[in-house]
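A quick write-up on the structure given underneath.
Quick note: the coordinates plus some simple rules give every number you see, no bench work behind them. Bear in mind that the values here come from a model prediction, so they are computed numbers and not experimental data. Here the Cβ positions follow ideal geometry from the backbone for every residue, glycine too, while neighbour counts run over all protein chains shown.
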Protein chains: 2
Amino acid sequence: MRCEIVAIGTELLLGLINDTNSTWIGEQLAVAGIDSHFQVKVGDNFERIEGCIRTALARSDAVICCGGLGPTQDDITRDVIAHIMGNGMVRDDAIAAEIERRFASRGRVMAANNLRQADVPVGARTIEQMPGTAPGLVCPIGNKVIYAVPGVPSEMRMMMEGTILPDLRARAGTASVIRSRTLRTWGMSESGLAEVLSDRIDALDVSGHATLAFQASGIEGLKVRITAKSDDEQTAAAILDQEEALIRPILGSVIFGIDDETMEVAVLKQLQAQGLTLAAVETLTGGVLASRMTAADPSMATFRGGQVLADADAALADTEAQARAIDQAEQARKVFGAHVGLAAVAPLASEEQRPGTVVMVASIAGDWVVETTILQPDRNRMRNYGVISVLDFLRKTLAG
Amino acid sequence: MRCEIVAIGTELLLGLINDTNSTWIGEQLAVAGIDSHFQVKVGDNFERIEGCIRTALARSDAVICCGGLGPTQDDITRDVIAHIMGNGMVRDDAIAAEIERRFASRGRVMAANNLRQADVPVGARTIEQMPGTAPGLVCPIGNKVIYAVPGVPSEMRMMMEGTILPDLRARAGTASVIRSRTLRTWGMSESGLAEVLSDRIDALDVSGHATLAFQASGIEGLKVRITAKSDDEQTAAAILDQEEALIRPILGSVIFGIDDETMEVAVLKQLQAQGLTLAAVETLTGGVLASRMTAADPSMATFRGGQVLADADAALADTEAQARAIDQAEQARKVFGAHVGLAAVAPLASEEQRPGTVVMVASIAGDWVVETTILQPDRNRMRNYGVISVLDFLRKTLAG
């Protein structure tokens, strides 16, 4: 089963919009076990859109067209598909009424061209989910199919999940289920992970039940993705459980979370499990830590607050840098009445200090834990990698 | 002159990486006045890459291949291009020596496959800029051309700007120069801008010297882009100056910056011009304001600090919300010893308060300026749009 993506819109070619839709659809197809060999972007031009769809249809079983379903005269995707299907379009009265109702309910006057969105190529069916005013389309062409979805990401995703992916899976006709689980890590390089996991990778190559892949994700850490293929959901889940159980002892505390669990969520869970609150003083990270913590804990029930301070760049000896970080961590605890205070100080590079040195301190119940780490000595990188480094330090400290 | 982009890498199709390179190249081509009708993504497969390049070459004058120039066996872009050119490859000794030198200078052992990057299709020339280990390629095919650049964004950009865009302009053979200038705005909708600027748009349609385009950029505001086309640099610049001079009185203080100037930079400039320092207390914006200000002012010479506080959600009357915001702005000023204190309070929706209400206060030299704005009442949107709203409020307050 092969499926291609055709993203439609001149603004995509002009670089005014980043085509994140194709990226997301590509990921969904991969997870569903559907091959996708090409993705194309094309402008709002009839002949060129037609050429792209025909080419895609010739070499694949399914084509997903994304964009060009709106009400303006630039939006010609449905016209092109109707032309390829060869039997014109009919207006769907129920959809027309729904579009009119939506305008009326917002008290807005509807321009007549909005009803173009209710035109459906003969032989196509509309997609049930309709969060916007333009319906998606499922257009069978012999034993192949063209899908059309709007370019608005939220509408596209709803239609993909509700109709297109299930339809593609049904067409693929295999009962096979592909499931994946991501172990989120921090503290080891990609080559380091590959080395310690080489036995597992070799064993999986032999068994063929599952695969391991690494994905560097910048300040979100390195992801280890386990993907299992099986005949049914339960077996796939069992394979993932089994593989995770084998990998965990090898990676140990390098793993901080699963799937969408970020480092800040991992830290919040640790704090909440121990009934602790947190506050931070930020010099190196200039408010990025607080902004990530408050996004994960909007009520600030656990992350009680932060202070962003200017820290005069200074060449500090080890003991001076430690003393300063301890002072700041204590200050955080006291100002915000939190159980745990967190701080990180980055002394200037000097004879004594390597470039990129960061001294991290967690102050807990009158006691301090101090750790020094070395980051790439680039100011912007240190700001951002400093956040995940200091949170990981706190996570490990809390885990004891 | 037409140019297509072929982005190469299986990870692009799998959705593991967002293809921002093609977006950026597309924008550069548009600014250079070079048509680009298609962009394609293809995986690391010889036949499929060959097919994409041949198709692109048949319908365009130039093809930019991005990615697949690295040292691993997946990196086959140069092999495919050599196959299309038909005369094999030769190793460039100078480049091989340079690659070896780079490894040696970092004290790293070089695996032999790295020297593959020094192989050059016969008839191609290498691109002079070489920030990484893989050189870019310029490969003439009759009167057409294939360019190859690495997928690493910084390397790709350097080669595009240093070699490929000038080469494309020379091939296009026209002396025409296209230049654009972006007026950054906050406080008016896209349709509002289109309405007040409709006379200018009509006038430009008639004169044909320049165009106006709008680009919604979320929390970065709405961009008004003036693009001028002329025979020479000076005339293009004069057209931009002239058009900007006509637009400025129409938009007034809605314009906060030019080109890459962000709202935080605009605020910093205002403060610095008046010799003032700033501090903030954040409840609604949870550290996002501080993180943006410290990124723009890393030494914190002007933005002296911020405090991120939990603000118990409360249904506050107008006067209560104002009093609380004034207290916080005063606190910011005092804690950090700054001239200006900034705060924003978002009372819960109530009979008295519309959802999305934000009360903003700037405290300057013992005096307060208070303004209320209404944002879309979604917590995450309020966090992020709150930052630009409160900074814009301060910018206008400082401007008097």
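Distance from the alpha carbon centroid of segment B:250-314 to that of segment A:162-212 works out to 44 angstrom. A DSSP coil position with no more than 10 other Cβ atoms inside 10 Å describes the following GluC sites (Glu not before Pro) in segment B:336-400: B:Glu351. Computed over the Cα atoms of segment A:3-172, the ratio of the radius of gyration to the Kirkwood radius (Rg/Rh) comes to 0.95. Across the protein assembly as shown, how many lysine pairs, 8 or more apart or on two chains, come within less than 30 Å at their alpha-carbon atoms? The number of close lysine pairs in the protein assembly as shown is 24. Anyone know which of B:Thr319, B:Thr372, B:Thr211 comes out most mobile in the 10 Å Cα GNM of chain B? Highest fluctuation of the listed residues: B:Thr319.
Restricting to chain A, what percent of DSSP beta bridges are antiparallel, rounded to 5? Numbers along the way, then the final one.
Details: 43 of 68 bridges.
So the antiparallel bridges in chain A amount to around 65 percent.
Expressed as an acute angle from 0 to 90° and rounded to the nearest 10, what is the orientation of the C-alpha long axis of helix B:379-399 relative to the principal long axis of chain B? So the helix axis and the longest Cα principal axis differ by about 70 degrees. Here the mean projected area of the convex hull built on the C-alpha positions of segment A:329-374 is 3.3 nm². Residues within the reach of a label modelled at B:Ser217 (point 7 angstrom out along Cα to beta-carbon, backbone nitrogen below 16 Å), restricted to segment B:357-400, are B:385, B:388-389, B:392.
Springs between Cα atoms under 10 Å define the GNM used for chain A, and in it the highest mean-square fluctuation of A:Leu16, A:Leu204, A:Leu375 occurs at A:Leu16. Alpha carbon centre of segment A:111-153 versus segment B:64-94: separation in Å? Each part's Cα centre sits 42 Å from the other's. Against the empirical curve 2.2 N^0.38 Å, the C-alpha radius of gyration of segment B:263-399 lands at a ratio of 0.96. Angle of helix B:20-31 to the longest C-alpha principal axis of chain B, folded into 0 to 90 degrees and rounded to 10: 90°. Treating the Cα atoms of the protein assembly as shown as identical point scatterers in vacuum, please give the log10 of the normalised Debye intensity I(q)/I(0) at q = 0.09, 0.11 Å⁻¹, two decimals. After summing over all Cα pairs, the log10 values are -1.11, -1.61.
Each principal axis of the Cα atoms in chain A has its own extent, and those three values, largest first, are 80, 59, 40 angstrom.
At an R0 of 22 angstrom, the distance between the Cβ atoms of B:Ala315 and B:Asn380 translates into a FRET efficiency of 0.55.
Ratio of Rg to Rh for segment A:65-160, alpha carbon only, Kirkwood? List each step's numbers first, then the result.
Numbers: Rg = 12.8 Å, Rh = 13.5 Å.
That ratio equals 0.95.
Rounded to the nearest 5, the antiparallel percentage of DSSP beta bridges internal to the protein assembly as shown is 65%. Using the Karplus relation 6.51 cos²θ - 1.76 cosθ + 1.60 with θ = phi - 60°, the per-residue 3J(HN,Hα) values for segment A:273-289 come to 4, 9, x, 10, 10, 10, 9, 9, 10, 10, 10, 3, 9, x, x, 5, 4 Hz, with x marking Gly and Pro.
Between A:Ser253 and B:Asp35, what is the FRET efficiency for a Förster distance of 51 Å, r being their Cβ-Cβ separation, to the nearest 0.05?
Details: r = 54 Å, r/R0 = 1.07.
Once the sixth-power term is evaluated, E becomes 0.40.
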